[in-house]
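A quick write-up on the structure given underneath.
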Amino acid sequence: MSLPYRPTNSLSKEDWRQLEEKAARRAEEGDELNGEVCPICLDKFRIGAQVILSCSHVFHRACLTSFEKHQSRQGVEHKSCPVCRKSEYESQGTSHWEHRYRERCAVYLQARVRGWLTRGRFRRRLAEFFAQGGGDELRRRDFFAEELTHVGQRFLDAVCVEDDSLDALLAASDQALALSQQVFGAPNSLRESRLGSASASAPVRQDGHPHRQAGNDEAVPYASVDWETVRQQALLRCDEECAICMMELKPRCQVLLSCTHVFHASCISAFENFSFDQEDACPICRSRYAKHTLEA
């Protein structure tokens, strides 16, 4: 009976180092299949266990183990390299390709960060150069227009983030209010409770809604307003849309407030009726006002 083949001499540390260098040179020469990629799964070497054979071919340890199990199930007597078919090879774990992958990642990150910093320094110096009046006038104008666009976009992003946080806070408040209403039997809505308290303490208008009580500031008397001056100031602003419904002011009936803002009569009436505030305040400038109906 013949004995299984075994290598006569085991490889030394120097031999394994030379095998790694040989495999690395093969990868640098452009033979990706035998260098940077596992020949079994065709995936690149990254972070993970890898093994090099005495024939200088490199594999993922899991891939080589699976290949050897497959050979043994097929009844193969002597294991062989999946690439060169060398029989009875020796194997040893290696971290050379993992280190190469880490180096490539570090170089990529450093290049991205340095590029970002360099572009930032360049734009700052360019802004200083243009601010001193240097360069072409057209390029200077385009540069500052682009900078203004970036500032506006950053401001818009910040507002969106703040709005999302505010929406989450209001949603949590509504949930807590609903739970408290279930526990303590509060009114069905916050509006009912507020309108109920306002009705109990304020006289009722002819349209069925309570008058809002004046705060520290007295309401603006209609007769004390110079409506012609207010109308001229409103015309200078050239408002064409109602700030409540965002529709064109004409041809619907319009109302001029003493603060010079103009709205649809129906919009400002609805705003007053459905507002939680107990004092009439302009939807735009939040000041007390008197109203004057404009001809359509």
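So, in the range 52-70, of the ones that are under 17 Å from ARG85 (Cβ atoms) and without any contact (Cβ under 8 Å) to a residue 24 or more places away in the chain, which residue ends up surrounded by the most Cβ atoms within 10 Å (Cβ to Cβ)? If we take residues in the range 52-70 being under 17 Å from ARG85 (Cβ atoms) and without any contact (Cβ under 8 Å) to a residue 24 or more places away in the chain, then PHE59 is surrounded by the most Cβ atoms within 10 Å (Cβ to Cβ). Taking the numbered list (1) modelled with pLDDT under 80; (2) part of a helix (DSSP H, G or I) in turn, SER72 passes all entries but (1).
Scanning the range 49-70 for residues that are hydrophobic (A, V, I, L, M, F, W, C) and closer than 15 Å to ARG26 by Cβ yields ILE52, LEU53, CYS55, VAL58, PHE59.
When the range 218-236 is limited to residues that are surrounded by 10 or more Cβ atoms within 10 Å (Cβ to Cβ) and modelled with pLDDT under 85, the one that is farthest from ARG286 (Cα to Cα) turns out to be TYR222. VAL255 satisfies every condition listed in (1) at pLDDT below 85; (2) surrounded by 12 or more Cβ atoms within 10 Å (Cβ to Cβ); (3) aliphatic (A, V, I, L, M) except (1).
Restrict the check to the range 58-68 and report whether at least one residue is part of a loop (DSSP other than H, G, I, E, B) and at pLDDT 80 or above. Explain how you work it out, then say what you get.
Step one: of the range 58-68, the residues part of a loop (DSSP other than H, G, I, E, B) are none.
No; the residues of the range 58-68 include none that is part of a loop (DSSP other than H, G, I, E, B) and at pLDDT 80 or above.
I'd like to check something: does the range 118-126 contain any residue that is surrounded by 10 or more Cβ atoms within 10 Å (Cβ to Cβ) and closer than 30 Å to ARG46 by Cβ? Yes: the range 118-126 contains one or more residues that are surrounded by 10 or more Cβ atoms within 10 Å (Cβ to Cβ) and closer than 30 Å to ARG46 by Cβ.
Among the conditions (1) without any contact (Cβ under 8 Å) to a residue 60 or more places away in the chain; (2) outside any loop (DSSP other than H, G, I, E, B); (3) of a type outside the set (Ser, Thr, Tyr), the only one that TRP97 does not satisfy is (1).
The values are calculated or read from the model by the stated rules, or taken from the named source; none is laboratory data. Being a predicted model, the structure only gives us computed values, none of them experimental. For neighbour counting, all protein chains shown are included, and Cβ atoms are generated from backbone atoms with ideal geometry for every residue, glycine included.
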